[in-house]
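Before any comments, here is the structure.
The values are calculated or read from the model by the stated rules, or taken from the named source; none is laboratory data. Here the structure is a predicted model, which is why all the values come from computation and not from measurement. A quick note on method: Cβ atoms are made from the backbone with ideal geometry, for glycine too, and the neighbour counts reach across all protein chains shown. Side chains included, ligands, DNA and RNA excluded: accessible areas come from the protein's heavy atoms. Shrake-Rupley method; radii C 1.70, N 1.55, O 1.52, S 1.80 Å.
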Amino acid sequence: MSDDQRDSVAELAHRIDSTKMGSTQETKLFRTLAVALNDRTALEAMLTDPDSASYKAGLISLAQAIKIYAWIGRDDQVLMISLQSVANRIKALLTQETLV
């Protein structure tokens, strides 16, 4: 992962943390993160309605991509913390959806 890509992913993670959970802005940022992490599966699934099963599958795909990139960038603590916060947000969204 290049330094520019790391900075971009860390910035996106920070922006995701500062947005309201379940908002349109959050959805846009998740899509942008899927592009930054080169996760076409997540991106395609996230182009659907955020309440759909396909979108939820996209979140799961994005979480898997985050896990891979966290492993690749494990020496960069800032990146690790950023990716962990996004993974926690995705987990909260998926958990919230199953409780409703």
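Two-decimal Rg/Rh of the chain from alpha-carbon positions, Kirkwood Rh? If you can, show how the numbers build up before the last one.
Details: Rg = 12.5 Å, Rh = 13.3 Å.
Using Cα coordinates only, the ratio equals 0.94.
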Taking a probe of 1.4 Å and leaving out DNA, RNA and ligands, the chain shows per residue an accessible area in Å² of 60 Å²
With a 1.4 Å probe and every protein chain kept in, tell me what percent of the accessible surface of the chain is carbon plus sulfur. 54 percent
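Net charge near V78, counting Lys/Arg +1 and Asp/Glu -1 over other residues with Cβ under 14 Å of its Cβ?
Numbers: positive: R6, R74; negative: D3, D7, E11, D17, D75, D76.
Overall, the nearby charge balance is -4.
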Along Cα→Cβ, 7 Å out, is where each label goes; now give me the distance between the ones at E11 and A53 in nm to one decimal. 3.8 nm
The chain, relative contact order [Cα under 8 Å, separation at least 6], %: 28 percent
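What helices in the chain pass both tests, a Cα length along the helix axis of 27 Å or more and a mean Kyte hydropathy of -1.0 or higher, using whole DSSP H runs? Intermediate values should be presented prior to the final figure.
Values: long enough: 53-72 (29 Å, 0.89); 77-99 (33 Å, 0.57).
Sorted by number, the helices that extend far enough and score high enough are 53-72, 77-99.
Quick check: from the Cα gyration tensor, does the range 1-50 come out rounded (a/c under 1.5), prolate or oblate? Could you put the intermediate results ahead of the total?
On the way: a/c = 3.94, a/b = 1.24, b/c = 3.17.
Since a/c reaches 1.5 but b/c is at least a/b, the shape of the range 1-50 is classed as oblate.
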